[in-house]
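Encoded as C-alpha coordinates, the structure appears first; notes follow it.
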Amino acid sequence: MKTQRTILVFLALVGALILAGCQLPPPPVQAAPLSAEEAEAERQAIQALFDRFSTAWDQADVAAMSQTYAADGVLWDPFNQRAAGREAIARQFEATLTTILAGSHTAFTVEHVRFLKPDVAFIDATQTVSNIKGPDGAPVPDAVFHLVATVVKVGGHWRFVDVRPYVFLPLPGQ
(Lines give C-alpha, C1' and ligand atoms only; values in the text may rest on other atoms or scores of the structure.)
Protein backbone atom coordinates (compact mmCIF):
# COMPACT_ATOMS: atom_id res chain seq x y z
CA MET A 1 0.00 0.00 0.00
CA LYS A 2 2.76 2.43 0.98
CA THR A 3 4.72 1.45 -2.15
CA GLN A 4 1.70 2.13 -4.37
CA ARG A 5 1.20 5.52 -2.78
CA THR A 6 4.90 6.38 -3.32
CA ILE A 7 4.65 5.34 -6.96
CA LEU A 8 1.49 7.44 -7.45
CA VAL A 9 3.11 10.48 -5.85
CA PHE A 10 6.19 9.99 -8.04
CA LEU A 11 4.08 9.69 -11.21
CA ALA A 12 2.08 12.78 -10.22
CA LEU A 13 5.32 14.75 -9.76
CA VAL A 14 6.68 13.55 -13.12
CA GLY A 15 3.39 14.47 -14.79
CA ALA A 16 3.47 17.94 -13.19
CA LEU A 17 7.03 18.46 -14.39
CA ILE A 18 6.10 17.40 -17.91
CA LEU A 19 3.13 19.78 -17.94
CA ALA A 20 5.27 22.58 -16.56
CA GLY A 21 7.78 21.92 -19.33
CA CYS A 22 5.05 22.29 -21.90
CA GLN A 23 4.30 25.75 -20.55
CA LEU A 24 7.81 27.16 -20.92
CA PRO A 25 7.92 30.45 -22.76
CA PRO A 26 9.12 30.27 -26.35
CA PRO A 27 12.80 30.98 -26.93
CA PRO A 28 13.66 34.59 -27.72
CA VAL A 29 13.61 35.59 -31.34
CA GLN A 30 17.15 35.62 -32.69
CA ALA A 31 18.31 38.71 -34.53
CA ALA A 32 19.21 38.22 -38.16
CA PRO A 33 22.92 37.42 -38.47
CA LEU A 34 25.21 40.01 -39.98
CA SER A 35 26.16 39.65 -43.62
CA ALA A 36 29.87 39.25 -44.37
CA GLU A 37 30.03 42.90 -45.43
CA GLU A 38 28.22 44.08 -42.29
CA ALA A 39 30.44 41.94 -40.05
CA GLU A 40 33.59 43.36 -41.66
CA ALA A 41 32.34 46.93 -41.25
CA GLU A 42 31.58 46.24 -37.57
CA ARG A 43 35.02 44.63 -37.08
CA GLN A 44 36.60 47.80 -38.44
CA ALA A 45 34.44 49.91 -36.12
CA ILE A 46 35.53 47.74 -33.16
CA GLN A 47 39.20 48.14 -34.15
CA ALA A 48 38.55 51.90 -34.28
CA LEU A 49 37.27 51.69 -30.67
CA PHE A 50 40.59 50.13 -29.64
CA ASP A 51 42.47 52.77 -31.65
CA ARG A 52 40.56 55.60 -29.90
CA PHE A 53 41.44 54.04 -26.57
CA SER A 54 45.13 53.82 -27.59
CA THR A 55 45.20 57.47 -28.65
CA ALA A 56 43.66 58.52 -25.34
CA TRP A 57 46.17 56.32 -23.44
CA ASP A 58 49.11 57.87 -25.29
CA GLN A 59 47.82 61.33 -24.31
CA ALA A 60 47.09 60.16 -20.73
CA ASP A 61 43.52 61.37 -21.31
CA VAL A 62 41.73 59.23 -18.74
CA ALA A 63 38.40 60.98 -19.38
CA ALA A 64 38.54 59.96 -23.05
CA MET A 65 39.69 56.46 -22.07
CA SER A 66 36.75 56.00 -19.72
CA GLN A 67 34.33 57.25 -22.39
CA THR A 68 35.21 54.21 -24.50
CA TYR A 69 33.40 52.16 -21.82
CA ALA A 70 29.67 51.68 -21.38
CA ALA A 71 28.30 53.55 -18.36
CA ASP A 72 28.24 50.27 -16.41
CA GLY A 73 31.50 48.94 -17.87
CA VAL A 74 33.93 46.84 -15.83
CA LEU A 75 37.72 46.61 -16.04
CA TRP A 76 39.79 43.92 -14.35
CA ASP A 77 43.37 45.04 -14.95
CA PRO A 78 46.36 42.66 -15.00
CA PHE A 79 47.21 43.75 -11.46
CA ASN A 80 43.89 42.24 -10.26
CA GLN A 81 42.28 45.62 -9.65
CA ARG A 82 38.58 45.82 -10.50
CA ALA A 83 36.82 49.03 -11.49
CA ALA A 84 33.09 49.20 -12.25
CA GLY A 85 31.54 52.25 -13.91
CA ARG A 86 33.20 55.03 -15.88
CA GLU A 87 34.22 57.09 -12.83
CA ALA A 88 35.95 54.14 -11.16
CA ILE A 89 37.60 53.15 -14.44
CA ALA A 90 38.88 56.72 -14.91
CA ARG A 91 40.32 56.69 -11.35
CA GLN A 92 42.02 53.36 -12.00
CA PHE A 93 43.60 54.60 -15.23
CA GLU A 94 44.61 57.86 -13.54
CA ALA A 95 46.42 55.91 -10.81
CA THR A 96 48.20 53.71 -13.35
CA LEU A 97 49.11 56.31 -15.96
CA THR A 98 50.52 58.75 -13.41
CA THR A 99 52.73 56.14 -11.75
CA ILE A 100 54.00 52.83 -13.14
CA LEU A 101 52.87 53.45 -16.74
CA ALA A 102 53.46 57.21 -16.96
CA GLY A 103 54.59 58.15 -20.48
CA SER A 104 53.89 54.70 -21.87
CA HIS A 105 52.36 53.86 -25.25
CA THR A 106 49.82 51.14 -26.00
CA ALA A 107 48.58 49.48 -29.17
CA PHE A 108 46.05 46.73 -29.81
CA THR A 109 45.62 44.10 -32.47
CA VAL A 110 42.13 42.67 -32.61
CA GLU A 111 42.68 38.97 -33.23
CA HIS A 112 39.11 37.67 -33.32
CA VAL A 113 35.59 39.07 -33.13
CA ARG A 114 32.64 36.84 -32.33
CA PHE A 115 29.29 38.52 -32.75
CA LEU A 116 26.92 37.19 -30.09
CA LYS A 117 24.25 39.51 -31.49
CA PRO A 118 24.59 42.21 -34.13
CA ASP A 119 25.19 44.76 -31.35
CA VAL A 120 27.16 42.58 -28.90
CA ALA A 121 30.56 41.03 -29.59
CA PHE A 122 33.22 39.06 -27.75
CA ILE A 123 36.76 40.15 -28.62
CA ASP A 124 40.18 38.52 -28.39
CA ALA A 125 43.02 41.01 -28.80
CA THR A 126 46.70 41.53 -28.09
CA GLN A 127 47.79 44.64 -26.22
CA THR A 128 51.39 45.84 -26.24
CA VAL A 129 52.49 48.47 -23.75
CA SER A 130 55.81 50.07 -24.62
CA ASN A 131 58.00 52.93 -23.37
CA ILE A 132 57.72 51.64 -19.81
CA LYS A 133 60.22 52.91 -17.26
CA GLY A 134 61.32 51.00 -14.18
CA PRO A 135 61.48 52.56 -10.70
CA ASP A 136 65.01 53.77 -11.49
CA GLY A 137 63.84 55.40 -14.75
CA ALA A 138 65.57 52.82 -16.92
CA PRO A 139 63.55 51.35 -19.81
CA VAL A 140 61.97 47.95 -19.26
CA PRO A 141 60.86 45.46 -21.92
CA ASP A 142 57.47 45.89 -23.56
CA ALA A 143 54.57 44.25 -21.76
CA VAL A 144 52.39 42.08 -23.98
CA PHE A 145 48.94 41.11 -22.76
CA HIS A 146 46.15 39.02 -24.15
CA LEU A 147 42.86 40.77 -23.71
CA VAL A 148 39.28 39.57 -23.81
CA ALA A 149 36.48 42.06 -23.97
CA THR A 150 32.77 42.20 -24.45
CA VAL A 151 31.65 45.22 -26.44
CA VAL A 152 28.17 46.56 -27.08
CA LYS A 153 26.90 49.00 -29.66
CA VAL A 154 25.02 51.83 -27.95
CA GLY A 155 23.64 54.77 -29.89
CA GLY A 156 25.56 53.70 -32.98
CA HIS A 157 28.93 53.53 -31.13
CA TRP A 158 30.80 50.51 -29.83
CA ARG A 159 31.69 50.61 -26.12
CA PHE A 160 33.59 48.28 -23.81
CA VAL A 161 31.36 46.46 -21.32
CA ASP A 162 33.87 44.07 -19.74
CA VAL A 163 37.63 44.12 -20.33
CA ARG A 164 40.18 41.70 -18.92
CA PRO A 165 43.84 41.93 -19.97
CA TYR A 166 46.06 39.13 -18.75
CA VAL A 167 49.26 37.26 -19.57
CA PHE A 168 49.60 33.69 -20.70
CA LEU A 169 51.75 31.55 -18.47
CA PRO A 170 54.31 29.16 -19.95
CA LEU A 171 53.57 25.48 -19.63
CA PRO A 172 55.33 23.92 -16.66
CA GLY A 173 58.74 22.61 -17.60
CA GLN A 174 59.16 24.93 -20.59
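The values are calculated or read from the model by the stated rules, or taken from the named source; none is laboratory data. Bear in mind that the values here come from a model prediction, so they are computed numbers and not experimental data. Note that we place each Cβ from the backbone using ideal geometry, even for glycine, and neighbour counts take in every protein chain shown. Just so you know, the surface numbers come from the protein's heavy atoms only, side chains and all, with ligands and any DNA or RNA stripped out. Shrake-Rupley method; radii C 1.70, N 1.55, O 1.52, S 1.80 Å.
Can you give the accessible area of residue 140 in Å² (nearest 10), computed on protein heavy atoms with a 1.4 Å probe?
Counting only protein heavy atoms, the figure is 60 Å².
Take the Cβ-Cβ distance between residue 45 and residue 131 as r, set R0 to 25 Å, and report the resulting FRET efficiency rounded to the nearest 0.05.
0.35
Shape verdict for the range 97-174, please, from the Cα gyration tensor: rounded (a/c under 1.5), prolate (a/b greater than b/c) or oblate.
oblate
Count the net charge of all other residues whose Cβ sits under 13 Å from the Cβ of residue 149, scoring Lys and Arg as +1 and Asp and Glu as -1.
Around residue 149, the charge tally is -1.
What net charge is computed for the residues neighbouring residue 36, neighbours being all others with C-beta under 15 Å from the C-beta of residue 36, Lys and Arg scored +1, Asp and Glu -1?
-2
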